[in-house]
Structure formats: C-alpha cells, structure tokens
Amino acid sequence: MTAGSLPVTICGVGIYKFLNIFFFALHTTIIVFNLTGWIWKKTRVPHLILLGSTAFSWFILGIWYGFGYCPCTDWHWQVREALGYGDPPASYIQFLLYELTPIRLPDDTVDTVVVICLIVPAALSISLVIRDLVRKRYQPHNGPNELRRT
C-alpha cells in the first residue's frame, strides 16, 4: 500500500470486518455528498470544503501517490488486504461498480466520468453559493422594487 500499512498483528479479523463495512459506508457517503451536497442551501459551503479536500487529495497528494489518490481508498484497500481480498480495482468507483452492479467499464472511462462528476457539482455549488451571497447582500427593503445593501 502506498501511504503505510495497518498493523495486522494488533487488530483481529473482527475489527477488520468492521473496518471494511465502515470504510464502505464512509466512502460511499462521501461520494454521494460530493455529488449532491450542492442541492441544499445549508450544505453548500460544507460541500465545497469536501470537494476541495477531494480535489486536493486527487491532484496534490496525487503528485506523490498517483492521480486520484484518496486516503479512504488507501486505508480501505489495506483493510481488505488484511482480510485476504485479492488485487483491488484501479479505483474506488470501479470497486463500487464491481461490488454493486454487473457493469464493467474501462479504467479510462471511469476516470473521465469521475472527474466530470467532480467538476459539475463543484461548478453548481460555486455558482449557487455566489448567487446566495448576492441575494443576501441585496435583499428587498420596503418593496419589491427597492433594494438595500446589508
């Protein structure tokens, strides 16, 4: 594994089974929030923070660990390796496709779709946050035709 490995001797198989489920749920939740967090006004700023963290991991940490590097994936692969699972797929999305569907796509296709699925929600979230800030700054005062600065 790229960023270190878990101590197999300290943890029993039971903890690894728990961690396997934990990382599956955590990582899947992160992915779903990355895709949908822009929808609700109250989650837009946390959404941008998580998207920024995801992009940082993929593109900045990716300089050292490989494009698309994700610590959650790395740790999950270490847990699965300790449980005796074989060679992992090229990406976590490939893993989800293999585990949850019969769909098999080329790695390049999955990578392209994943990057698009980062860019589109980021663009939506940024534009909606800006719109919300503009609306907050210029709220109607005494009537619909009169605006005031706050």
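The values are calculated or read from the model by the stated rules, or taken from the named source; none is laboratory data. This structure is a prediction, so every number in the text was calculated from the model and none was measured. Backbone-built Cβ (ideal geometry, glycine too); neighbour counts: all protein chains shown.
Is it the case, given these coordinates, that Asp108 is of a type in the set (Asp, Glu) and without any contact (Cβ under 8 Å) to a residue 40 or more places away in the chain? Spell out how you get there, then give the answer.
Details: of a type in the set (Asp, Glu): yes; without any contact (Cβ under 8 Å) to a residue 40 or more places away in the chain: yes.
Spelling it out, Asp108 is indeed of a type in the set (Asp, Glu) and without any contact (Cβ under 8 Å) to a residue 40 or more places away in the chain.
Mind listing just one residue for me: the one in the stretch 68-113 that is of a type in the set (A, V, I, L, M) and either touching a strand residue (DSSP E or B) at 6+ places or on another chain (Cβ under 9 Å) or assigned to a helix (DSSP H, G or I) (or both) and, of those, surrounded by the fewest Cβ atoms within 10 Å (Cβ to Cβ)?
My answer is Leu100.
Residues are listed down the side, and each one gets a yes or a no for (1) in contact with a Cys (Cβ under 8 Å, 6 or more places away or on another chain); (2) over 30 Å from Gly14 (Cβ atoms); (3) acidic (Asp, Glu); (4) assigned to a helix (DSSP H, G or I):
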site	(1), (2), (3), (4)
Val32	no, no, no, yes
Trp38	no, yes, no, no
Leu61	no, yes, no, yes
Trp64	no, yes, no, yes
Pro121	no, yes, no, yes
Ser125	no, yes, no, yes
Val129	no, yes, no, yes
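So Trp58 clears everything in (1) touching a helix residue (DSSP H, G or I) at 6+ places or on another chain (Cβ under 8 Å); (2) more than 27 Å from Ser127 (Cα to Cα); (3) at pLDDT below 95 except one condition, right? Which one?
Trp58 satisfies all of (1) touching a helix residue (DSSP H, G or I) at 6+ places or on another chain (Cβ under 8 Å); (2) more than 27 Å from Ser127 (Cα to Cα); (3) at pLDDT below 95 except (2).
When the stretch 81-115 is examined, which residues are found to be farther than 17 Å from Thr29 by Cα and touching a helix residue (DSSP H, G or I) at 6+ places or on another chain (Cβ under 6 Å)? Steps first, please.
Residues of the stretch 81-115 that are farther than 17 Å from Thr29 by Cα, as a first pass: 81-90, 98, 101-113, 115.
Hits for the stretch 81-115 are Ala82, Leu83, Pro88, Pro89, Ala90, Ile103, Val110.
Do you know which residues across the stretch 57-68 are within 16 Å of Cys117 (Cα to Cα) and touching a Gly at 6+ places or on another chain (Cβ under 9 Å)?
Of everything in the stretch 57-68, those that are within 16 Å of Cys117 (Cα to Cα) and touching a Gly at 6+ places or on another chain (Cβ under 9 Å) turn out to be Ser57, Trp58, Phe59, Gly68.
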